[in-house]
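Have a look at the structure below, then the notes.
Quick note: the coordinates plus some simple rules give every number you see, no bench work behind them. Here the structure is a predicted model, which is why all the values come from computation and not from measurement. FYI the Cβ positions are ideal-geometry reconstructions off the backbone, even for glycines, and counts take in every protein chain you see.
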């Protein structure tokens, strides 16, 4: 999650670079933690998606392996 917070800070840095504005302007210092927080939240959300997808893929893989084992038993019984 720290990586994604750093990503948010990098986005803010890039934004200010494109606009050619000072990086640490007293009036806009509040935006740095905001961008870090948004980046961290985005990373946390992505990690949740990844965990759910890996769980679904693991269940699907187990189902396929079980199906192959049953098919192998049926083929061996017929032979």
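Summed over qualifying helices (DSSP H, 4 residues or more, each -39500 (n - 2.57)) and divided by its residue number, the chain shows a 222 nm mean residue ellipticity of -30500 deg cm²/dmol. The modelled label-to-label distance between residue 61 and residue 28, using points 7 Å beyond Cα along the C-beta direction, is 4.6 nm. Note on residue 41/residue 17: beta-carbon distance plugged into 1/(1 + (r/R0)^6) with R0 of 22 Å gives a FRET efficiency of 0.40.
Fully extending the segment from residue 51 to residue 68, taken as 0.36 nm per residue of separation minus the present Cα-Cα distance, adds 3.6 nm. In the chain, Rg over Rh equals 1.51, where Rg is the alpha-carbon radius of gyration and Rh the Kirkwood radius from pairwise Cα distances.
GNM remark for the chain: springs join alpha carbons under 10 Å apart, and the peak mean-square fluctuation among 27, 39, 48 falls on 27. Listing 12, 60 from fewest to most neighbouring C-beta atoms within 10 Å gives 60, 12.
Treating each Cα of the range 36-79 as an identical point scatterer and summing with the Debye formula, the log10 of I(q)/I(0) at q = 0.34 Å⁻¹ comes to -1.00.
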